[in-house]
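Report on the following structure.
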Amino acid sequence: MNFDQLRTFLTVADEMSISGAADRLSTTQPVISRAIKRLEAELHATLFDRLPRGVVLTAFGKVLYREAQNILASHQRTVETFDTLRGFGRTYVRIGAGSTWFEERLPEVLSSFSTKQPQVRIDASFIPRFEIIEALLLGHIDIGLAQFGFETLPSDDIEYEELLSDRLVVIGRKGHPLSGKLASAKAFSKLLWATTPSASSQERLRGLCKRFGADDPNIHIKCHSISSILDIVRNTDFVTLAPEFMAKSNGREELEILTNEFQISLSKGILTPRQATLSLGARLFRTHIREEIGHLKK
């Protein structure tokens with residue numbers, strides 16, 4: 001079993017077709033078929049079920065698909081690591097982060113990391129929280145950054161390391177007419193909310209209202225950008241549920257926490273595949289963000 005066989009196998013699996021793989025690899029169907037048959041003979045297993053149109057992975061094929069991705073990724077990372085140590089070539093890190101990470105901590109971390117490790121190529125993408133886990137398992141990203149409440153991770157194949165804890169609080173503008181007056185369900189029900197459109201954000205908001213005995217939240221604005229939501233809140237009587245850190249950041253003196261009685265605890269951390277070998281760039285970034293967040297917590 002060699003790297004070329006594994007690449008051919010992955011291409012057939014992705015195309016779900018011998019002919020499709022042949023076109024993609026600029027070769028012929030007999031060449032692809034022979035490569036798959038040799039691989040199946042070596043492993044003593046059938047990797048594909050042949051259909052009238054195309055192929056599908058068998059149970060053995062699904063196992064090999066995951067292992068082949070890891071093997072080829074590990075090989076590529078090893079080559080990049082050696083190139084970097086020799087003084088030429090660049091390593092990389094692919095980061096997937098939720099909206100709060102993108103707008104709270106990540107810009108500062110990326111800036112300091114790129115200054116300290118200029119040889120590392122960075123690809124940072126916005127990915128909703130639970131899609132981050134799928135992206136990690138599929139090998140689309142190396143590191144995920146997300147926040148969680150008390151829920152457990154939906155996969156045992158992902159390792160989660162908490163970097164800091166935070167809390168969600170009700171934030172409004174300075175001088176909001178309901179500031180300090182949220183002592184009853186009736187008062188709480190008068191709040192007009194701006195929030196992100198994610199299901200988790202709205203579920204947390206409904207849960208907070210339920211704990212207070214209020215009706216479902218009166219949501220008027222949905223926006224993916226937390227910074228934009230806070231700008232709206234700063235200039236109107238809308239309120240939002242956002243991390244305490246954001247209400248106390250420099251430049252946001254016009255915001256205040258409307259009540260300290262009701263809050264939601266959050267854990268913010270880093271996610272990595274439990275079995276995968278991280279690239280040198282990903283390992284360097286993981287070490288860097290640990291150090292940076294550690295300094296922020298002091």
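Here are the numbers for this structure:
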quantity: Two-decimal Rg to Rh for the range 203-297 - Kirkwood Rh, Cα set; calculated: 1.07
quantity: Solvent-accessible area, 1.4 Å probe, carbon plus sulfur percent, for the chain; calculated: 51 percent
quantity: Farthest toward positive dipole pole in the chain [+1 Lys/Arg, -1 Asp/Glu at C-beta], among Leu51, Ala194, Leu10; calculated: Ala194
quantity: For the range 214-298, accessible area per residue (1.4 Å probe, heavy atoms of protein chains only), Å²; calculated: 50 Å²
quantity: Under-5 Å amide H pairs with Arg167, H placed in peptide plane, nonlocal only; calculated: Glu244, Phe245, Leu266
quantity: The chain: calculated mean residue ellipticity at 222 nm from DSSP helix runs of at least 4, using -39500 (n - 2.57); calculated: -14500 deg cm²/dmol
quantity: Inter-part distance where the range 121-145 and the range 228-298 are each reduced to a Cα centre, Å; calculated: 18 Å
quantity: Accessible-area value, Asp215, 1.4 Å probe, nucleic acids and ligands omitted, Å²; calculated: 110 Å²
quantity: Residue among Leu163, Leu137, Leu39 with the largest mean-square fluctuation in a Gaussian network model of the chain, springs linking Cα atoms under 10 Å; calculated: Leu39
quantity: Sites Glu203 and Met16 - FRET efficiency at Förster radius 25 Å, r taken between beta-carbons, to 0.05; calculated: 0.10
quantity: Modelled FRET efficiency - R0 41 Å, Asn260 with Thr78, Cβ distances, 0.05 increments; calculated: 0.20
quantity: Full-stretch length increase - Ala59, Gln119 - with 0.36 nm per residue and alpha-carbon distance subtracted; calculated: 17.5 nm
quantity: Most to least packed among 238-247, 53-62, 99-108 [average Cβ atoms within 10 Å]; calculated: 238-247, 99-108, 53-62
quantity: Accessible area per residue, Å², the range 1-79 with all protein chains present, probe 1.4 Å; calculated: 60 Å²
quantity: Residues His44 and Ile71, FRET efficiency given R0 of 22 Å [Cβ-Cβ distance, rounded to 0.05]; calculated: 0.75
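The values are calculated or read from the model by the stated rules, or taken from the named source; none is laboratory data. Since this is a predicted model, take the numbers as computed values, not measurements. Glycine gets a Cβ as well: all are built from the backbone with ideal geometry, and neighbour counts include every protein chain shown. In case anyone asks, the SASA skips ligands and DNA or RNA and just uses the protein heavy atoms, side chains included. Shrake-Rupley method; radii C 1.70, N 1.55, O 1.52, S 1.80 Å.
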